[in-house]
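Here is the structure we will look at, set down as structure tokens.
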Amino acid sequence: MEIITSEAKSASYDTTLLRRIVKITVFTAAFVLLPCFFFYNSAFSFQFLPISAKGKEAYKLDKILKNAAMGDKTVILTTVNEAWAANNSLLDLFLESFRIGNNTERLLNHLVIIALDQKAYARCTTLHPHCYALKTKEMDFSKEAFFMSHDYLEMMWRRIDFLRSVLKMRYNFIFTDADIMWFRDPFQRFYSNADFQIACDYFNGNSFDVNNSPNGGFTYVKSNHRTIKFYKFWYSSRVTYPGNHDQDVLNKIKHDPFITKIGLKMRFLDTAYFGGFCERSKDLNLVCTMHGNCCVGLSNKIHDLGIMLDDWRKFKSLTANTNSSSSSWTVPQNCSLKSFHKRHSP
């Protein structure tokens, strides 16, 4: 039979007590530190990184906009994808129009080209100093986006959301599609008291009339609380009118009481100055921009816009005594209005 002495009992008691203290300490540490670990890990993974990434992109965009902005924080913006930025494609024609226009080459200093894919960005950096790569997760905007296709709609709505972010950064902007040729400084033809000005496919003669047919490819927008609210409303309305592009949705919401409620001052631009294939600017002495609208197919646009630039060069080469009566557009050609209307008729 084993005899347990008092010293042995004391040692056993001390050992047991120590084990309990260690267990309690470990349990307490786990109870306190484990939630802290998960909180830290969660904060790092789901809060810090996205905010940091978002902040980095915002900083990069702001730096580019700041470098390109005019004195009143106005920038000129356009978007291109790989198809539009390719060699001898629309971007080349677009930039050339600035170079041969009247007093427009200087405006290139204020142009920011928004690239929708990596190849477009790479090409942009070889041609122009102000390029920004707009990253969109799980979307490929590199190929030609056919009118009203899924990619086309996604691209148009991504553009509206991006423009809203530019307004929130307190920059005014002219947004111009890259299939718009610039021949004169448009600022002389803008309305001084408007928040939102937009070109038209067809202009009825009244710049206040919401029954005009606006084209979202050319807008001049001043950053203020009214335009920021308007772009937010415009973007959210894509849910109200699913399957429609931004221009169709604009045609629906331009009558909405919300526009009056926020006090947005909207004006429509005369096609005499801001024309296109839908409705040409008839007088080359007045034209500021011409849009390759009412035209289906990238190759057709490139063909006819190239001819348009030739028409402008011929106009400039004429003497002041003859240009007003003898100059006219020889386009559209491949961009036949008859074929366009036939394709898009109900």
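Worth pointing out:
- Simple spin-label estimate for Q118 and T260 gives 5.2 nm between the two label positions (7 Å along the Cα-to-Cβ direction from each Cα).
- Of W84, W182, W329, the residue with the largest accessible area leads and the full order is W84, W329, W182 (1.4 Å probe).
- Area accessible to solvent at K316, 1.4 Å probe radius, in Å²: 100 Å²
- Relative protection proxy for 63-71, 87-95, from highest mean packing down: 87-95, 63-71 (other beta-carbon atoms within 10 angstrom).
- For segment 148-239, size of Cβ-based charge dipole, Lys and Arg +1, Asp and Glu -1, in debye: 520 debye
- Residue order for T79, T126 - accessible surface, 1.4 angstrom probe, largest first: T126, T79
- When the Cα positions of L286, P257, G216 are compared along the charge dipole of segment 213-286, P257 comes out farthest toward the positive end, with charges on each C-beta of Lys, Arg, Asp and Glu.
- Rounded to the nearest 20, the size of the Cβ-charge dipole of segment 265-308 about its Cα centre is 160 debye, with Lys and Arg at +1 and Asp and Glu at -1.
- Segment 160-200: C-alpha gyration tensor shape, a/c 1.5 cut-off, then a/b vs b/c: oblate
- Given a 1.4 Å probe and the protein chains as shown, E154 ends up with an accessible area of around 70 Å².
- Long-range HN-HN contacts of T79 with modeled amide H, under 5 Å: I114, A178
The values are calculated or read from the model by the stated rules, or taken from the named source; none is laboratory data. Owing to the predicted nature of the structure, the values given are computational and were not obtained by experimental measurement. Backbone-built Cβ (ideal geometry, glycine too); neighbour counts: all protein chains shown. All accessible areas refer to the heavy atoms of the entire protein, side chains included, with ligands and DNA or RNA removed. Shrake-Rupley method; radii C 1.70, N 1.55, O 1.52, S 1.80 Å.
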